[in-house]
Amino acid sequence: MSAAIYNAEISAGSLMLPESRRVARFMLTQPDRATWFDTLRTENILQKKSPATARRQARLIRNRLETLDEHAWQLVAEGEQELALQILLAASVKHSRLLGDFMRDVVAGHVRRFEEHLVPSDWDAFLADCIQRDPGVASWSDTTKAKLLQVILRILAEARYLESTRSLRLTPPLLHPEAQRYLKSRSEGAVLAAMELTH
């Protein structure tokens with residue numbers, strides 16, 4: 001059986017800038033496994049009421065950040081908001097093929113055709129394409145699919161690709177020069193193309 005191309009892990013959270021800044025700062029101290037879990041438990045660095053939520057979100061942020069290097073963690077921890085968000089988006093695209101493909105197939109397609117808004121039916125058509133590539137997607141529940149759409153739209157709004165999750169009006173940003181420079185220097189052409197909507 002072929003390996004799954006897509007997973008629903010992204011449903012644990014959007015770009016979460018304040019939380020990601022805290023996790024990036026912590027990761028820069030090179031914590032070992034015991035320190036990581038101990039700090040999450042005792043210091044509540046994500047400032048969440050539920051320990052389970054804190055653990056799930058911290059794991060997602062860490063998995064995203066680990067797709068990039070320490071220089072990227074530094075940019076997330078200390079960079080201006082626009083730059084930090086774009087580096088987080090790059091990490092999220094690398095971590096989630098679902099997000100990357102949605103940006104490449106759906107968002108870039110709309111921009112190429114000069115269409116100003118996403119529409120709800122885009123998601124259903126996109127998932128149908130995903131099922132062709134990965135039949136496992138067909139087994140996702142309607143609740144999971146709805147949650148994934150909600151998180152992906154929130155990510156696009158946070159990264160300024162959408163005016164808001166309500167209007168679904170596309171407002172693709174110009175990439176921050178430092179984010180561009182970072183991705184080019186790391187030969188992240190596919191991620192850059194997804195973010196520049198040129199794929």
Here are ARG56, ARG64: which of them is open to solvent by 60 Å² or more (accessible area, probe 1.4 Å) and either of a type outside the set (Gly, Ala, Ser) or under 22 Å from the mean Cα position of the chain (by Cα) (or both)?
ARG56
GLN81 is checked against (1) touching a residue at least 40 places away in the same chain (Cβ under 8 Å); (2) open to solvent by less than 50 Å² (accessible area, probe 1.4 Å) and fails just one. What number does that condition carry?
(2)
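Considering every residue within segment 109-123, establish whether at least one is more than 17 Å from PRO172 (Cα to Cα), open to solvent by 20 Å² or more (accessible area, probe 1.4 Å) and part of a helix (DSSP H, G or I).
yes
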Per-region count, segment 150-181, residues of a type outside the set (Gly, Ala, Ser) and open to solvent by less than 10 Å² (accessible area, probe 1.4 Å):
6
Within segment 34-53, can you find the residues that are surrounded by 11 or more Cβ atoms within 10 Å (Cβ to Cβ), at pLDDT below 80 and not acidic (Asp, Glu)?
ARG41, ASN44, ILE45, LEU46, LYS48, PRO51
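Yes/no per residue for (1) assigned to a helix (DSSP H, G or I); (2) closer than 28 Å to ALA58 by Cα; (3) free of Cβ contacts under 8 Å to residues at least 60 places away in the same chain:
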| residue | (1), (2), (3) |
| --- | --- |
| SER92 | yes, yes, no |
| GLY100 | yes, yes, no |
| ASP129 | yes, no, yes |
| ARG154 | yes, yes, no |
| SER167 | no, no, yes |
Over segment 149-186, the set of residues in contact with a strand residue (DSSP E or B) (Cβ under 6 Å, 6 or more places away or on another chain), over 20 Å from HIS95 (Cβ atoms) and not charged (D, E, K, R) is LEU168
When you check PRO31 against the structure, is it of a type outside the set (Asp, Glu), on the phi < 0 side of the Ramachandran plot, free of Cβ contacts under 8 Å to residues at least 24 places away in the same chain and open to solvent by 50 Å² or more (accessible area, probe 1.4 Å), yes or no?
no
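The values are calculated or read from the model by the stated rules, or taken from the named source; none is laboratory data. Predicted model, so just to flag it, every value in this text is computed and none were measured. Note that we place each Cβ from the backbone using ideal geometry, even for glycine, and neighbour counts take in every protein chain shown. Quick note on the areas: whole protein, heavy atoms, side chains included, nothing else; ligands and nucleic acids left out. Shrake-Rupley method; radii C 1.70, N 1.55, O 1.52, S 1.80 Å.
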